[in-house]
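Structure record follows, encoded as structure tokens.
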Amino acid sequence: MIAALLENLGRTSRTTVTGVGYATRMLFRIIRASGGLWRRPRLVTDQVHFIGNYSLIIVGISGLFVGFVLGLQGYYTLNKYGSEQALGLLVALSLVRELGPVVTALLFAGRAGTSLTAEIGLMKAGEQLSAMEMMAVDPIQRVVAPRFWAGVIAMPLLAALFSALGVMGGYLVGVKLIGVDEGAFWSQMQGGVDLWNDIANGVIKSAIFGVAVTFIALYQGFESQPTPEGVARATTRTVVFASLTVLFLDFLLTALMFN
Amino acid sequence: MSNLVEIRNLTFSYGERPILSGIGMDFPRGKVIAVMGGSGSGKTTILRLIGGQLQPGSGEITIDGEVVDAGNASRMYAMRRKMGMLFQHGALFTDLSVFDNVAFPLREHTDLPDAILRDLVLMKLHAVGLRNAAQLMPAEISGGMARRVALARAIALDPQLIMYDEPFAGLDPISLGIAARLIRRLNDVLGSTSILVSHDVNESFQIADYVYFLSQGKIVAHGTPAAMRESSDPYVRQFVLAEADGPVPFHYPGTTLARDLGLETLVDPAAIKGRKR
């Protein structure tokens, strides 16, 4: 019984360490292979277009509805203290510092991340990656690296869109529906949101989430078993690992950035 | 040097499971060499080892006098520019058209102007009879056509060595005949060397200059197709004549039917012998 437990523990530890080793090596391979992308920026811009498109609608609509809810909840809370004029500030800070980067990263993992894993996994299952290797083309350089950088670039853009539409949602509910003063809504926001401490840190956060989510998605696809079941499992792992990583990193980054 | 590819004392295993043991093969320039054997005999593994996608346990493979070293990625990519490979199901890029699939290696490895690239691609597609299908997507063509597009892509850079992994599997008789003739014709026209991995006896014997038979990771027979047809080797006979039972048994080794049905209680010595195998 104890021997079996120890054996399982040993096997799990070894598998985990091996997995981390493989992942680290792949990340370095991606970075090393990225130099060539300066000569062919089109490979990255095309992927920014595709990956951005995957998530654009879901991120936009989610941002709007999160803004609606923030408007309602924020008004409900602030009204108790007679501070409903600060609704714009509350909505904007909640979005740019926290909800924008985090919710966008979670949505991105569910939408674009799973697509990336399935795409790479199916390319592997269909021997397309092997065929590429045999044509003397490195799949890491040609397929993985452009998608990686596209994800890193797309994430902050999508987070910005999420936050912008969220602010619009908060405005529609707070000002147009409930009747908070429009001038106070915008002026409090303008006065209270700091470009570096709030917006820039939010952008840095979402770029780091972009690295984490896109890399996890690509790694899972690249290392998936080349079978329908293997690709399905890899896609599930992408959502689970990416979501947990985003939440863990969010705590870490928030602690570091906002003291 | 008359051999483009030479394999010496090659062994390979997946973990504890041995796949190839002590293989030696020669692939002379300009010839079509067939590597034949049943499923799981290690045929495709040989192609992957030649292509540097797998690292041998021991032994050596040389291409044009240069040792294949799967551990040296940059050197392998340089060597692969001399090779073309046709995968079993074509392995076409599903997001690219037929034209773009064939153009892919040319775009990656050359800086040819668009007009010349277009002409080259159309010529390659013409060689496989699919010039007019250039704008179709892989999902819009049949399996046989996909194999021919993949063949056009494999020869896009006029490789010295072309490897075919089960090129006849799953093809209808018409496509099968076309594929066989194309392999021979392209080999002769391009002056390349072809390695054909297959278990289709008739087509392979029709176009190959020399045949190696593999079984359980070892070469059990080799010679010209004519010699193989006349061979008295029991494995070759079973394979060529497509006999259900022989050196490769019909029944998976194990206990006897009588024992499973409870009609025999003593251990059957033949069953033990079979299990050892």
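Once the range B:132-277 is represented by equal point scatterers at the alpha-carbon sites, with solvent omitted, what log10 I(q)/I(0) does the Debye formula produce at q = 0.09 Å⁻¹?
Relative scattering, expressed as log10 I(q)/I(0), comes to -0.44.
Using each residue's phi in the range A:20-25, evaluate 6.51 cos²θ - 1.76 cosθ + 1.60 at θ = phi - 60° and report the 3J(HN,Hα) Karplus result to the nearest Hz, with x for Gly and Pro.
Using θ = phi - 60°, the values come out as 5, x, 4, 5, 4, 4 Hz.
Neighbouring Cβ atoms within 10 Å as the yardstick, rank B:F12, B:F93, A:F148, B:F239 fewest first.
Listing B:F12, B:F93, A:F148, B:F239 from fewest to most nearby Cβ atoms yields B:F93, B:F12, B:F239, A:F148.
So what's the protein assembly as shown giving for Rg/Rh, alpha carbon basis, Kirkwood Rh from the mean inverse pair distance?
1.11
Check which residues have an amide H placed less than 5 Å from B:G37's amide H, if you skip close sequence neighbours.
Those lying under 5 Å, H to H, from B:G37 are B:S198, B:L214.
In whole percent, what relative contact order does chain B give with Cα contacts below 8 Å and a gap of six or more residues?
Reported as a whole number, the value is 22 percent.
How large are Rg and Dmax for the range B:193-265 when calculated on the C-alpha trace, in angstrom?
For the range B:193-265, the Cα radius of gyration and maximum Cα-Cα distance read 16.5, 57 Å.
Quickly work out the A:L72-to-B:L96 label distance, labels modelled 7 Å from Cα along the C-beta direction, and quote it in nm with one decimal.
Distance between the two pseudo-spin positions: 5.1 nm.
Average the reciprocal distances over every distinct pair of alpha-carbons in the range A:1-151, invert the result, and give the Kirkwood radius in Å.
Details: mean 1/r = 0.0518 Å⁻¹.
For the range A:1-151, the Kirkwood estimate is 19.3 Å.
What's the Kirkwood radius of the range B:70-110 in Å, using all Cα pairs?
11.9 Å
Hey, could you get me the Stokes-Einstein D for the range B:111-209, Kirkwood radius over alpha-carbon pairs, 37 °C and 0.692 mPa s, rounded to whole µm² s⁻¹?
Numbers: Rh = 14.1 Å.
Value of D from the Cα-based Kirkwood radius: 233 µm²/s.
Using the Cα centre of the protein assembly as shown as origin and beta-carbon charges of +1 (Lys, Arg) and -1 (Asp, Glu), tell me which of A:G63, A:M155, A:G170 is placed farthest towards the positive end of the dipole.
Farthest towards the positive end: A:M155.
About the Cα centre, and with charges only on the beta carbon of Lys, Arg (+1) and Asp, Glu (-1), how big is the dipole of the range A:122-259? Nearest 20 debye, please.
Around 220 debye, computed over the range A:122-259.
Just to compare against my own numbers: the Cα pair-distance distribution for the range A:164-238, 5 Å bins, whole % per bin, please.
3, 13, 13, 13, 9, 10, 9, 9, 9, 7, 4, 1
Over chain B, how many pairs of lysines fall under 28 Å by alpha carbon, counting only those 8 or more apart in sequence or from different chains?
Summing the qualifying lysine pairs gives 13.
Can you work out ³J(HN,Hα) from phi for every residue in the range A:193-208, in order, using Karplus 6.51 cos²θ - 1.76 cosθ + 1.60 and θ = phi - 60°, giving whole Hz and x for Gly and Pro?
Coupling constants for the range A:193-208: 8, 8, 4, 7, 5, 9, 5, 4, 5, x, 5, 4, 4, 5, 5, 5 Hz.
Starting from the Cα gyration tensor of the range B:62-145, multiply each eigenvalue by 5, take the square root, and state the resulting semi-axes largest first in whole Å. Please list the in-between numbers first.
Details: eigenvalues 146, 54, 27 Å².
Semi-axes (√(5λ), whole Å): 27, 16, 12.
Given the convex hull of the Cα atoms of the range B:1-106, what is a quarter of its surface area in nm²?
Numbers: hull surface 32.8 nm².
Answer in nm², one decimal: 8.2.
State the Cα centre-to-centre distance between the range B:75-114 and the range A:73-111 in whole Å.
Answer, in whole Å: 50.
For chain B, what are the per-bin percents of Cα-Cα distances with bins 5 Å wide, up to the bin holding the maximum?
Computed distribution, short to long bins: 1, 5, 11, 14, 16, 15, 12, 9, 6, 4, 2, 2, 1, 0, 0, 0.
Could you tell me which residue out of A:L195, A:F222, A:L253 lies farthest along the dipole of the range A:186-259 toward its positive end? Charges go on the beta carbon: Lys and Arg +1, Asp and Glu -1, centred on the Cα centre.
Value computed over the given set: A:F222.
What does the net charge come to around B:L182 if you take all other residues with beta carbon closer than 12 Å to its beta carbon, with K and R at +1 and D and E at -1?
Values: positive: B:K124, B:R147, B:R148, B:R181, B:R184, B:R185; negative: B:D188, B:E203.
So the surrounding residues net to +4.
How long are the semi-axes of the ellipsoid equivalent to the range A:116-216, from square roots of 5 times the Cα gyration tensor eigenvalues, in whole Å, largest first?
Computed over the range A:116-216, the values are 44, 15, 8 Å.
For A:E223, B:E16, which order do you get if you count the other beta carbons within 10 Å of each Cβ and list the fewest first?
Ranked by crowding around the Cβ, least crowded first: B:E16, A:E223.
Which of B:A133, B:I162, B:I116 sits closest to the plus end of the dipole of the range B:75-179, meaning its Cα is farthest towards the positive end, when Lys and Arg get +1 and Asp and Glu get -1 on the C-beta?
So the residue furthest toward the plus end is B:I162.
So what's the Cα pair-distance distribution over the range A:69-183, bin width 10 Å, in %?
Computed distribution, short to long bins: 13, 30, 20, 15, 11, 8, 2.
Can you put B:D209, B:D200 in order, fewest other beta carbons within 10 Å first? Each step should come with its number before you reach the end.
Values: B:D209 15, B:D200 19.
So the ranking, lowest neighbour count to highest, is B:D209, B:D200.
For A:V180, list long-range residues whose amide hydrogen, built 1.01 Å from N in the peptide plane, is under 5 Å from its own amide hydrogen.
Counting only residues 5 or more places away or on other chains, the set is A:V175.
FYI, it's all coordinate maths here, none of it is from the lab. None of the values given here were measured: they were computed from a predicted structure. Cβ coordinates were reconstructed from backbone atoms using ideal geometry, including for glycine residues, and neighbour counts include every protein chain displayed.
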